1. Of all residues in the range 77-106 being touching a Phe, Trp or Tyr at 6+ places or on another chain (Cβ under 8 Å) and modelled with pLDDT of 95 or more, which is nearest to Asp38 (Cα to Cα)?
2. Could you check the range 56-133 for strands (runs of 3 or more DSSP E) lying wholly inside it with 3 or more residues that are assigned by TED's automatic domain parsing to the domain that holds Leu31, aliphatic (A, V, I, L, M) and in contact (Cβ under 8 Å) with a residue 40 or more places away in the chain?
Amino acid sequence: MTNNKQMVDNLENSEIVKSDSAVLAHVTVKLKDGSIADSTKPSDKPTWLKMGDGSFSPAFESYLLDKQTGDNLAFELEAEDAFGASNPDQIHFMDVSQFPQDIELKVGAIIGFDQPNGNQVPGIIRSFEGSSVKVDFNHAMAGETIVFEIEILKINN
């Protein structure tokens, strides 16, 4: 028969998500209409979620805290707690002549724009107004209510 101290030690050492845990999980990201925007399941390549490093909103992390290996979660977050609200300062108008001629410009197309540091930032073509192209540099899911489905596979504390 186990004593109370052993029971407490077992509980403290169980795999529970804490504020600084690394969580290996399958993650599916859905829009509110149920359409899947991204998922790790089809490729069977789960991802590590690092709690407390600023990558996720406090609201997102609150759903993971105190969960255990094997738990399956589904929760909905408003835009501000998911990928953020759409920032009007991240929407720019560019003249169509600024785009290479071999790129097909159409609404919804995502185009990589070279930065001075050599990195690329994606921009989404939102509309055309005369010879002007409206390019949105917000995250593709900014401004959207998001449904997350998470299957916790492993927890490192």
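1. Filtering the range 77-106 for residues that are touching a Phe, Trp or Tyr at 6+ places or on another chain (Cβ under 8 Å) and modelled with pLDDT of 95 or more, the one nearest to Asp38 (Cα to Cα) comes out as Ala82.
2. Answer list for the range 56-133: 72-77.
The values are calculated or read from the model by the stated rules, or taken from the named source; none is laboratory data. Treat the numbers as computed from the prediction; the structure is a model and nothing was measured. Note that we place each Cβ from the backbone using ideal geometry, even for glycine, and neighbour counts take in every protein chain shown.
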